[in-house]
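Trainee: Below is the structure I would like to discuss, written out as structure tokens.
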Amino acid sequence: MAEVRLEGVHKLFGSVVAVEDFNLSIGSSEFVVFVGPSGCGKSTTLRMLAGLEDVTSGSISIDGRAVNNVHPKDRDIAMVFQNYALYPHLNVFDNISFGLRAKRLPKDEIAKRTNEAAEILGLGDLLKRRPGELSGGQKQRVAMGRAIVRKPKVFLFDEPLSNLDAKLRHKMRAEMKILHQRVQTTTVYVTHDQVEAMTLADRIVIMNEGHIEQVGTPDEVYKHPASQFVASFIGSPAMNFATGRIEASGKTMSLRTDSGTSLDLAGCGVAEGTMVQLGFRPEHMELADTAKPARGHVSIAGSITVVEPMGHETVLTCDAGFGEIVGKYEGERRFQPGETVKFHIRADRLHYFDLKTGLRI
Amino acid sequence: MSDLNATMARLERARPGKVILWTLLFLGGVVMITPIVFMASTSFKTGQEVFELSVIPDRPTLENYVFILQESKFMRWMLNSLWVATFSTASVLFFDSLVGYTLAKFDFRGRQIVFIAILSTLMIPTEMLIIPWYMMSRSFGWIDTYWGIAFPGLMTGFGTFLMRQFFMSLPDELIEAARIDGWSEFAIWWRIAMPLVIPALSALAIFHFLGNWTAFIWPLIVTNDPDIYTIPVGIASFNGEFQMDWEIVMTASCLATLPTLLVFLLLQKFIIRGIMLAGLKG
Ligand SMILES: Nc1ncnc2c1ncn2[C@@H]1O[C@H](COP(=O)(O)OP(=O)(O)OP(=O)(O)O)[C@@H](O)[C@H]1O
Ligand SMILES: [Mg+2]
């Protein structure tokens, strides 16, 4: 258990900026997830933490000790790679105990700790197998075993579940959570899957093009996305957006969209004339029979283009005039493409982002 | 191996092609094997019968073998060859893979230049190097020593290149994982990288060993003392100044082939895989 600090960390590959002014302080036992689109610098940041990549500028410290110039093996960290990086010629036992043997621990101590780790991960029967004889999920567990057996100060995971099928991924996600609750080791976890990020994280770090967009609990980043990027990244199906200009006539405010349609906004606090992106989540759109919204609601109409029944809910893609919007409906009603539907959205669930900066207003 | 099986399975299906292929293989086999058959048969012939084209000798004799094993230094040469080839092969396996690994997995200034320099040694024929080697050996007193025979082949550009290519195909993550696991760079090479390129190592070992076993020109030049001769040099020494004792030469050649034959039979699997891996002709 240790605190991890990154201060003003930059990473350049030649002239390519991979990570830019990265500042983050990770608390002891915290589970922090880096999430963001491909190429945003998640792995690079993690690899700098591990010491596999030099820091161009800035400082990294683990447990209060500056580690910029410390060799990976002396940082007391363990890392799980996306492709697991199991040693193909060693069996499961040797794979897990490889790090302990480097420390020249006594044989019985190695055996004890390895068996313990194997037990935790349910690998007891597989110790004599080689990685080539394991399923994806089992390989993933061995990779975890190799990390936990060393009892490091920090776990680093780089997309450890991305090679598993959906069902197994779900299961391993839960195991991951249980494991963390059990060992309480400070964890940095990289993924590009926002569902994984939301379910696992104490805090999420959303990255985009090398910089941090927002750091917050899953609840915070979902409810108060700091930027249009975060808003569009977190949540599934993704948030809907309407671009336009805020107009006021008397007491009522409205959004004049680029395509000319006008949306009445109940009590919005944005100054008149501002160019904004208005965001609202599919799950906050309630199907309504009347065009006139209840107090404190906004109404949006659209004609259905795609109907996706999912069993417990139906995802409706509609053409709303200003663009495509996606709504969710939970209920028995059946829909046809071409049908016109109306949604009401609570005004306090609307998000406004400055069109130029993308920042939340 | 599975590729080979797949190829075989495909051949099974293509009937007419199969006939042609087998015919060609058979002819090729005959061409390859005939000299060896004559070598073996000549070794059982007497001096008078040597130039007769019979495969089965009229009066088979073991005299040649008795002569070679008792009257010549053949066993000594065999041990010399064995020692030089083994030592040289061990050295090549160690150093070529160490350098190949460094070139494949470490990024350092001048890496490309070093690599090109090593590659370019492949373009220099042995014949050109023999004179400098000889002058070197003479000034260092390496003439008539095992070291003198072996030193030019203790590291090879080809082996370095081959090993580099194989190490390049190892995923970096394996090395990084071992680094995080706390092993030194040398230990990572030895414990992780080397075991994973065993097929390449065995191919290199076999080619290098056989190359040394049959090497002639350099050992001939660097040795004068019959006690230091390697097998090919020793066999050549049976040729007198005015006459050729072909039956003796053939017998010695037969004996010299035995160890390689043995190695081949034992390591057949590795050799075939090695040839397929390296894309080389044996
Ligand atoms: N060794 C390298 N040399 C040059 N550029 C690199 C190197 N490694 C990464 N980059 C660049 O740095 C940027 C960040 O890469 P990084 O691997 O950290 O992305 P990522 O967020 O992990 O993406 P993904 O989700 O695809 O794994 C990318 O633009 C990438 O092309
Ligand atoms: Mg990555």
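The values are calculated or read from the model by the stated rules, or taken from the named source; none is laboratory data. All values derive from a computational prediction rather than experimental measurement. Virtual Cβ from ideal backbone geometry, glycine too; neighbours counted across all protein chains shown.
Trainee: Within region A:3-16, can you find the residues that are touching a residue at least 24 places away in the same chain (Cβ under 8 Å) and more than 8 Å from ligand 1 (Cβ to nearest atom)?
Mentor: Listed by number, the residues that qualify are A:Glu3, A:Val4, A:Arg5, A:Leu6, A:Glu7, A:Gly8, A:Val9, A:His10, A:Leu12.
Trainee: I'm told B:Gly211 meets every condition in (1) assigned to a loop (DSSP other than H, G, I, E, B); (2) at pLDDT 90 or above except one. Can you identify the failing condition by its number?
Mentor: (1)
Trainee: Would you confirm, using the coordinates I've provided, whether A:Val70 is at pLDDT 90 or above and buried (at least 23 other Cβ atoms within 10 Å of the Cβ)?
Mentor: no
Trainee: Would you check if there is a residue in region A:29-50 being touching a residue at least 12 places away in the same chain (Cβ under 8 Å), over 27 Å from A:Gly137 (Cα atoms) and away from ligand 1 (no atom under 12 Å from the Cβ)?
Mentor: Checking region A:29-50: not a single residue is touching a residue at least 12 places away in the same chain (Cβ under 8 Å), over 27 Å from A:Gly137 (Cα atoms) and away from ligand 1 (no atom under 12 Å from the Cβ).
Trainee: Taking A:Ser29 and the conditions (1) crowded, with 21+ Cβ neighbours inside 10 Å; (2) more than 14 Å from every other protein chain (Cβ to nearest Cβ); (3) out of contact with any Lys or Arg (no Cβ under 6 Å at 6 or more places or on another chain); (4) within 29 Å of A:Leu123 (Cα to Cα), which numbered condition does it fall short on, given that it satisfies the others?
Mentor: Unmet condition: (1).
Trainee: Would you mind finding the one in B:Thr126, B:Thr145 that is away from chain A (no Cβ under 14 Å), exposed (fewer than 14 other Cβ atoms within 10 Å of the Cβ) and touching a residue at least 12 places away in the same chain (Cβ under 8 Å)?
Mentor: B:Thr126
Trainee: Under 7 Å by Cβ, and 6 or more places apart or on different chains, what pairs join a residue from region A:192-218 that is under 19 Å from A:Asp21 (Cβ atoms) and outside the structural domain of A:Lys177 (by TED's automatic domain parsing) with one that is more than 16 Å from ligand 2 (Cβ to nearest atom) and at pLDDT below 95?
Mentor: Cβ pairs passing all conditions: none.
Trainee: Suppose we filter region A:64-82 for residues that are more than 13 Å from chain B (Cβ to nearest Cβ), at positive phi and either of a type in the set (D, E, K, R) or outside any loop (DSSP other than H, G, I, E, B) (or both); how many remain?
Mentor: 0
Trainee: Out of the residues in region B:151-208 meeting the condition of being surrounded by fewer than 20 Cβ atoms within 10 Å (Cβ to Cβ) and not in a helix (DSSP H, G or I), tell me which one is nearest to the other protein chains (Cβ to nearest Cβ).
Mentor: The selected residue is B:Pro171.
Trainee: Do we find that B:Val92 is in contact (Cβ under 8 Å) with a residue 12 or more places away in the chain, farther than 24 Å from B:Gly234 by Cβ, assigned by TED's automatic domain parsing to the domain that holds B:Phe238 and part of a helix (DSSP H, G or I) in this structure?
Mentor: Criteria not met by B:Val92.
Trainee: Hey, could you check region A:99-131 for residues that are within 12 Å of chain B (Cβ to nearest Cβ) and surrounded by fewer than 15 Cβ atoms within 10 Å (Cβ to Cβ) and say which is farthest from A:Met176 (Cα to Cα)?
Mentor: The qualifying residue farthest from A:Met176 (Cα to Cα) is A:Arg104.
Trainee: Determine whether A:Leu90 is surrounded by fewer than 21 Cβ atoms within 10 Å (Cβ to Cβ), of a type in the set (A, V, I, L, M, F, W, C) and either in the same structural domain as A:Pro225 (by TED's automatic domain parsing) or assigned to a strand (DSSP E or B) (or both).
Mentor: In short, yes.
Trainee: Go through (1) at pLDDT below 95; (2) closer than 24 Å to A:Lys151 by Cβ one by one and return the number of the condition A:Gly36 breaks.
Mentor: (2)
Trainee: For residues that are touching a Lys or Arg at 6+ places or on another chain (Cβ under 8 Å) and either within 16 Å of ligand 1 (Cβ to nearest atom) or within 12 Å of chain B (Cβ to nearest Cβ) (or both), tally how many sit in region A:134-149.
Mentor: Count: 1.
Trainee: Now a separate question. Quick check on A:Glu53: is it within 25 Å of A:Phe233 (Cβ to Cβ), surrounded by 14 or more Cβ atoms within 10 Å (Cβ to Cβ), of a type in the set (Asp, Glu) and more than 10 Å from ligand 1 (Cβ to nearest atom)? Spell out how you get there, then give the answer.
Mentor: On the way: within 25 Å of A:Phe233 (Cβ to Cβ): yes; surrounded by 14 or more Cβ atoms within 10 Å (Cβ to Cβ): yes; of a type in the set (Asp, Glu): yes; more than 10 Å from ligand 1 (Cβ to nearest atom): no.
Criteria not met by A:Glu53.
Trainee: Across region A:83-98, which residue is nearest to the other protein chains (Cβ to nearest Cβ) among those that are closer than 13 Å to B:Leu174 by Cβ and under 33 Å from the mean Cα position of the chain (by Cα)?
Mentor: The qualifying residue nearest to the other protein chains (Cβ to nearest Cβ) is A:Ala85.
Trainee: List the number of the failed condition for A:Thr45; all other conditions in (1) surrounded by fewer than 22 Cβ atoms within 10 Å (Cβ to Cβ); (2) among the hydroxyl-bearing types (Ser, Thr, Tyr); (3) within 12 Å of ligand 2 (Cβ to nearest atom) hold.
Mentor: Among (1) surrounded by fewer than 22 Cβ atoms within 10 Å (Cβ to Cβ); (2) among the hydroxyl-bearing types (Ser, Thr, Tyr); (3) within 12 Å of ligand 2 (Cβ to nearest atom), the lone unmet condition for A:Thr45 is (1).
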